[in-house]
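The values are calculated or read from the model by the stated rules, or taken from the named source; none is laboratory data. Everything numeric here is computed off the predicted structure, so don't read it as measured data. Every residue, glycine among them, receives a Cβ derived from its backbone with ideal geometry; neighbour counts consider all protein chains shown. Just so you know, the surface numbers come from the protein's heavy atoms only, side chains and all, with ligands and any DNA or RNA stripped out. Shrake-Rupley method; radii C 1.70, N 1.55, O 1.52, S 1.80 Å.
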Amino acid sequence: MALLALPAIAQTDRDNSLINASKKGWDFEVRAGLNIGGATPVPFPREIREVKSYNPKLNGAIAGIATYWFGDDGKRSPWGLSTGLKLEEKRMSTKARVKNYHTTVVDEGNYMTGYWTGNVKTNYSSTLFTIPVDVNYRFNDRWRVWAGLYASFQVDGSFDGEVHDGYLRNLTPTGEKAEFKDGKNATYDFSDDLRKFQWGLEIGGSWRAYKHFNVNANLAYGPENIFHSDFNTISFRLHQIAFNIGFGYLF
């Protein structure tokens, strides 16, 4: 009988250790994971007729997060407030077929602005320092969720690409046509027009697998355009969306 009781005793001790680890006060966690996402219009505009490919690339993220749990030993609250500092990448590459897509391209050193119909390849990259502020709720000592805001500062970023197999109408949708066929292309680069400061909303959750080991997931959405407010070369807004999946070590 004693041997049969040993697994139950071990499980009880393990559960108690989880309870004591974050019973009150502060939790400190180091998180690492991957971002999947990039920049996208919401909703999709009529100019984009087909997304031919999407490459989310390998985007790393590492963060230090501190969470304060309200309550005391006598009455443990399920609510907490967290903040920290995150270094992350948000990159992607896409290919699309568009019609009457307003843009500015460079052809043999000459800038051309107008309405493009044909194929577009876009590369987007952003490296950011992010500060999240989230309200946390834990259902028990293993599961918790959070929701809140984040502020990001872009330390490096680029938005460039090329157009090919189509034509550009100069200035207006019915303007003079410039064709790009048989391997001819034109490039564009709007990297200098990206916002340095961004903010957004996020929601996520965590499962504690062991006393010091968490599995985390987080979805972040930026409601404002990734470009400056006076940028009108692209006629629709692009928003940052990123889903992060990763692990955390809880001190």
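Using the heavy atoms of the protein chains alone and a 1.4 angstrom probe, what is the accessible area of region 152-202 per residue in square angstrom?
Details: 2900 Å² over 51 residues.
Accessible area per residue: 57 Å².
Could you do me a favour and compute the accessible area per residue for region 67-129, 1.4 Å probe, result in Å²? Can you show the working numbers first?
On the way: 3010 Å² over 63 residues.
In whole numbers, region 67-129 has 48 Å² accessible per residue.
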Heavy-atom accessible surface of the chain: percent carbon and sulfur, 1.4 Å: 60 percent
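Work out, in µm²/s and without decimals, the Stokes-Einstein translational diffusion coefficient of the chain at 4 °C, 1.567 mPa s, Rh from Kirkwood over C-alpha pairs.
Working: Rh = 20.8 Å.
The estimated diffusion coefficient comes to 62 µm²/s.
Please give the peptides 156-165, 125-134, 76-85 ranked by average Cβ packing (other Cβ atoms within 10 Å per residue), highest first, as a rough proxy for protection.
Working: 156-165: 17.6, 125-134: 19.1, 76-85: 15.5.
Order by mean packing, descending: 125-134, 156-165, 76-85.
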Difference of contour (0.36 nm per residue) and Cα-Cα distance, Ala32 to Lys177: 47.2 nm
Reciprocal mean inverse distance between Cα atoms of region 41-137 - Kirkwood radius, Å: 17.6 Å
Over the chain: helical MRE at 222 nm, DSSP H runs n ≥ 4 each giving -39500 (n - 2.57), nearest 500: -2500 deg cm²/dmol
Förster radius 22 Å - calculated FRET efficiency between His164 and Asn110, Cβ distance, rounded to 0.05: 0.85
Degrees between helix 2-21 axis and first principal axis of the chain (Cα, 0 to 90, nearest 10): 60 degrees
Table column - 3J(HN,Hα) (Hz), region 219-230, Karplus curve with 6.51, -1.76, 1.60, x for Gly and Pro: 10, 10, 9, x, x, 9, 5, 5, 9, 4, 5, 8
Length released on extending from Ser191 to Ala147, taking residue separation times 0.36 nm less the Cα-Cα span: 12.8 nm
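Note the full-extension length gain between Ser235 and Asn55 as 0.36 nm times their separation in residues minus their Cα-Cα distance, in nm to one decimal.
Details: separation 180, 0.36 × 180 = 64.80 nm, distance 2.34 nm.
Contour length minus the Cα-Cα distance gives 62.5 nm.
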